[in-house]
Structure formats: structure tokens, C-alpha cells
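The values are calculated or read from the model by the stated rules, or taken from the named source; none is laboratory data. Nothing here was measured: the structure is a model prediction, and the numbers come from that model. Positions of Cβ are generated from backbone atoms using ideal geometry, with glycine treated the same way; all protein chains shown enter the neighbour counts. These accessible areas exclude ligands, DNA and RNA; they are computed on the full protein's heavy atoms, side chains included. Shrake-Rupley method; radii C 1.70, N 1.55, O 1.52, S 1.80 Å.
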Amino acid sequence: MQSRHRIFAEDLLLAAEGEDHFDRVPDSLVLIIFNKLADARSLGRCSAVSRRFNALVPLVDDACLRIDRVIPADGADGGAGADALGLAGAPRPRAVLSHLLKAMLQAVLKPFAHCDAKSGAGAHGGKHAQLQHHSPAQVLKNFSSIRNLRMELPVSDVGTDDGVILKWKAVFGSTLQSCVILGGTKVERAAAGTYASVPAAAAAAAADSDATGEDSGSIPESFYTNGGLKLRVVWTISSLIAAATRHYLLREIVKEHPTLEQVALTDAHGQGTLSMGRDQLKEFRDKPLAAAAAANRTQVPACNMKLRYAPLLELSDGTRIHGATLVVIKPVGEAGGIGGGRKGLDDFVADTFDGPFREAVGVLSKRRTYLLEMNGF
């Protein structure tokens, strides 16, 4: 104990004389620590610790931006404001996407100089506090060397009923290159009990459950007559709108960060992921972005879709997915996007999701394929 106290006293004496032992840690090791930290808000606070940290933080390769609060643009609250943002009542994709746009533009994430300046903002009322918020592009403007960027929205884009599973992943360059959608009308988990869908999805669930007896691999007639196909079309269009909106929001960030090699824009619920790799980012910078008319999103081109369906999918961990549906989407006439041609696309589809959903994609990929076409919008 005495030696420990002596060492501590000596350290205090050295510190008083102006020597900082942390200065002995090389910059390369500090950058490794910062890259492991990744969180943009925490890195911003680190930059305020010392001049050295302030010079090193902008040099990180990896950054993660989490948007954890949604603030209405008009500052109003209550039922009307929630309804306008798509937070009340039945799911409305357009309202939800408008809500996400506001979240992105008014996120409570601050540039380096303002990371800890929120203590006094609340004392001056909500309107003054909103003036303190910065867009994701502003938060990231001091990062000069980002290679891998992950952004996370606080909510999922597409509203679904309880018990319904909907997951998607889209790859964009200057426009859509590919999209994979996995859905199910009801999920039952062996370990955690049964999650049944609510009456709003009852028609679709009934269509899926009609296929009792032997499964021939074909879609049952009830799928077309009881709303099953209509529901899948809604899932597909809503997911594509969500992906195109996220893509449009990235245009300023991609333009201002030429070092980016990988971008992923996800949500806290894990519903959807927009992904852009090195080739997609280069195309995004080189080719003009086609915006949809009267909408803050990228235009979705005409697409070919491959739909695979199983009335009931039983996975190895005991999970049962009713009305399991896999939709793979590619723009008409586009051979690029995912390297390796058809095999590259098949590999991309197989690796899209993790856990039991990866197994579900593998099983559905062996089912009969139905080809559909969709006009651009």
C-alpha cells in the first residue's frame, strides 16, 4: 500500500510540474481507440478534452451517428402533431417518411463545438432548444477522413401491425441497384411464445393459412383473392419509398466526404438498411441524382421483381413464419450493381439478413419464383 501511495504521489507531482503521461501514447494507438469508440457524439466530447484530441478526432476512419430524438418542425405537440407525423392511427408510409426527414434534419446531435452545450438550452423553452440542433451533415463536417459511416434512425420507416415481420435491405448508387424484402403476416417463436397479428391483418393471415394440407410450392388461389398479394405490394412500395428517402438524405454527406468507402443507414428497430459501398458511392458522386417529383426522395426506376412465397415456414430454431414472402428487386435492364452477375446477386440475397431470417431467405430461395414488373415512381 505504501509503494502504491508513493507512486500516486509522484504522479501528482509530475502532473503538477506539467508532464502528462498520456502524451507518451502514440497518436496511432489513440486513433485505434477512437475508431473503436466510433460514436460521433462521444468523439465530439473527446475533441473538447485537449488540443491533441481535437486534432486527432477528425482523423478517425469509423463513425456512427445515432439520432435519438424526433422534434416536430412546428414545435407543436399533442394528438394533431403526432397524427401529422404518422405516429398515431393506422400506418401511413408518406407521413412516416416525412417524420423521418424531420428527424434527420433536426437530430439532437451537435458538432464538436456544441457537444456539451445542451444544459442551458432547455431553460429557454422548446423553440430556443430547437435552434441548437444540427443536421447530420453539420455534425460530421469536422470529420475529414471517414471511411465507414453508420447512421441509425430512431424509428422504422414502414408501419406494420403487431406480429407482422418486415425486413429489407437496399443497395443504391445514383439510383436503386437491388433490394431484398422479407416479410411474414405472423411470427411464432417457440421460446418466447406466440405473437399473433391483430385484426387489421386478419384477411392476409387468413389467405396464408388457407393452404392447409400438402404444400405443392405454388401460391394458393386465396393469396390473390383475400388480400395477400395486395399486402405484399404495399410492403414492397413502402420499403422502396423508405430506401429512396434515406438515399436522398445522404446526398450532402456523400458530397462533403470524398473519403467514404462504406455507408449504412439503418433504424433502431432493425427493419431496413440502405447500403452503399465504394463503387456505389463513386457512382453517386459522378452521376446526377434523379429526384422524384414533389417528394424528398430519389426516383425509383422501373423494376423487375422475383417473388417467392411459403404459406408456413418452420425454421430450425422453432420459429414459424406464416405467409413468408421473399421479394428480390432489380431495375429493368440493369446488369450492374452487385458484382458477379447472377451469382453475385444470389450471394447478396443469401447474406442479406442474420440469424433465423438468414435461414428463412435460404429456404424461400428454393421455392417457385413468380415474376412481376413495376413501373418507376
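Across segment 364-375, the number of residues qualifying as farther than 13 Å from residue 327 by Cα and open to solvent by less than 60 Å² (accessible area, probe 1.4 Å) comes to 0.
For segment 53-74, what are the residues that are assigned to a loop (DSSP other than H, G, I, E, B) and at pLDDT 85 or above?
The answer is 60, 61.
As a summary of the residue check, residue 50 satisfies the conditions (1) open to solvent by less than 30 Å² (accessible area, probe 1.4 Å); (2) at pLDDT below 90; (3) under 30 Å from residue 24 (Cβ atoms) except for the one numbered (1). Of the strands (runs of 3 or more DSSP E) contained entirely in segment 119-194, those carrying at least 1 residues that are open to solvent by 30 Å² or more (accessible area, probe 1.4 Å) and modelled with pLDDT of 95 or more fall at 148-153, 165-172.
Tally the residues that are within 19 Å of the chain's Cα centre (by Cα) and without any contact (Cβ under 8 Å) to a residue 40 or more places away in the chain, restricting the search to segment 351-377. Going through segment 351-377 one residue at a time, the tally reaches 4.
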